[in-house]
Amino acid sequence: MDAFPYNQGELCAEAVKLGDLATAYGTPLYVYSRTRLLGNYRAYADAFGARATICYAVKANPNGAILGELAKAGAGADVVSGGEMARAHRAGVAPDKIVFAGVGKTADELRAGLALGIRQFNVESLAELRLLADIAAQMGRIAPLVLRINPDVHAPTHAKIATGKKDNKFGLPKSEWRPAIQFLLDNRHLRLRGLGMHIGSQLLTLDPFAQAYAVLRAHLVELRAVGFAIDTVDLGGGIGIVYQAGQVQPDLMALAALAQQHLGDLDLHWILEPGRSIIGDAGILLTRVISRKHNGEKDFLVVDAAMNDLLRPTLYQAYHHILPVKAMGDAAAWPLGDLVGPVCETGDYLAQDRPLPPAHSGDLLAIMGAGAYGASMASTYNSRPLVAEAMVDGARHGLIRRRQQLADLWADEMAWA
Ligand code: LLP
């Protein structure tokens, strides 16, 4: 299903005109398609079946309504902070479907995870193993965990979001593998459930997964040989989405078949941690044109959304497709320009040197593929309130986050006394 179709020349979210949403809730506005969100989740659930738990990566978009809809559909959560863990739990994700990943969990976060009774900690170093063991002993608990290994595979993506090479900060260092196994054998407050990995994000080919699964397999077999009663393998997230013409999203059935081929006979429960491929193409950022500007050689379209609302273009040189809400003819005839926001930085752009709709002040534009790592990476830089978020389901719509008020900007500040 096309979540954002043109109907009679006007771009819609499902059956709702984006123009109506702009009128009701103002701009800039994040808009999510509930049908697409749940469809994306179901595609994973169907491909992987009962042998897997799909733990949505909360970092992609932590809105409570999104988490709540996914939880109702049966999803678990992959969290990387005490804040994400609390959000997931509050939104209805069962603790035994929460996995806690991340390279720097604090003692307080480990304690909170143990108290909540989460499914597993994804541990990334010997130091973390020791800390977790101490805390579990203090609390009289047994901490369930998987070790996140670093399979050292090349995953072609932007350097800032590749995680699976040995010189990234992620995963258990090779030199700590044996000491970690010995520590686990000796410690009765830790229960090793298996292994995990995550090799990078926005991956559009399955090849790196195949290589990483093979590495995982060898390590899992070794653990069984040593005598660990393992039951879990965490395959991470990282499946990419189509941001741009010519890209093709990997087939989830093929991914599941690959996992089956490499790991199927081990009879383990699989965890997946997809974020972007659940919410990315289910969301857009709706923005209104403030003005057109011509400076030197260049044309600029100045809109009311900016880098603080959607950081990806300037941080990762990421491409997001731009569509006019009122159809504006053939894109091939559009003039080249930059789509920029009002923030006082040259890096404040949403698109650069691209054919842009011949729009004028007051026109609405949609920045596509903004559901993941959009709202979740937003800031109030330049004292711009966080934007509102709306959800659409068929012809129904509603806010799932109100627009911040100016007073929210300084609500936590204190006068110097
Ligand atoms: N699991 C772990 C351990 C991760 O580090 C990540 C993402 C995921 C799962 C989810 O990956 P996904 O399925 O969403 O690719 N801000 C960047 C992406 C950072 C991804 C960080 N880790 C962006 O906007 O492209």
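The values are calculated or read from the model by the stated rules, or taken from the named source; none is laboratory data. Just so it is clear, the model here is predicted, and its values are computed rather than measured. With ideal geometry, Cβ positions are generated from the backbone for all residues, glycine too; neighbour counts draw on all protein chains shown. Ligands, DNA and RNA are excluded from the accessible area calculation, which covers all protein heavy atoms including side chains. Shrake-Rupley method; radii C 1.70, N 1.55, O 1.52, S 1.80 Å.
Quick rundown of the values:
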read-out	value
Segment 368-411 - residue that is within 21 Å of the chain's Cα centre (by Cα), open to solvent by less than 30 Å² (accessible area, probe 1.4 Å) and more than 16 Å from the ligand (Cβ to nearest atom) and, of those, farthest from Ala13 (Cα to Cα)	Val387
Matching residues, segment 219-236, being in contact with a helix residue (DSSP H, G or I) (Cβ under 7 Å, 6 or more places away or on another chain) and not in a helix (DSSP H, G or I)	Ile230, Val233, Leu235
Any hit, segment 304-316, residues being away from the ligand (no atom under 16 Å from the Cβ), surrounded by fewer than 22 Cβ atoms within 10 Å (Cβ to Cβ) and at pLDDT 95 or above	yes
Every residue from segment 60-71 that is within 15 Å of the ligand (Cβ to nearest atom), out of contact with any Asp or Glu (no Cβ under 7 Å at 6 or more places or on another chain) and either open to solvent by 10 Å² or more (accessible area, probe 1.4 Å) or assigned to a helix (DSSP H, G or I) (or both)	Ala60, Ile66, Leu67, Leu70
Ile149, sole failed condition from (1) modelled with pLDDT of 90 or more; (2) within 13 Å of the ligand (Cβ to nearest atom); (3) open to solvent by 60 Å² or more (accessible area, probe 1.4 Å)	(3)
Residue list for segment 1-38, filter: under 23 Å from Gln249 (Cα atoms) and open to solvent by 30 Å² or more (accessible area, probe 1.4 Å)	Met1, Asp2, Tyr6, Arg34, Thr35, Arg36
Any hit, segment 336-357, residues being of a type in the set (Val, Ile, Thr), more than 16 Å from the ligand (Cβ to nearest atom) and surrounded by 15 or more Cβ atoms within 10 Å (Cβ to Cβ)	yes
Test: residue in segment 102-112 that is open to solvent by less than 10 Å² (accessible area, probe 1.4 Å), under 26 Å from Gly240 (Cβ atoms), at pLDDT 95 or above and not assigned by TED's automatic domain parsing to the domain that holds Val387	no
Some residue of segment 241-262 being over 30 Å from Ile284 (Cα atoms) and open to solvent by less than 10 Å² (accessible area, probe 1.4 Å)	yes
Qualifying position, being touching a His at 6+ places or on another chain (Cβ under 7 Å) and assigned by TED's automatic domain parsing to the domain that holds Arg288, among Ile400, Ile367	Ile367
Output for segment 168-180, where each listed residue is open to solvent by 10 Å² or more (accessible area, probe 1.4 Å) and more than 16 Å from the ligand (Cβ to nearest atom)	Pro173, Lys174, Ser175, Glu176, Trp177, Arg178, Pro179
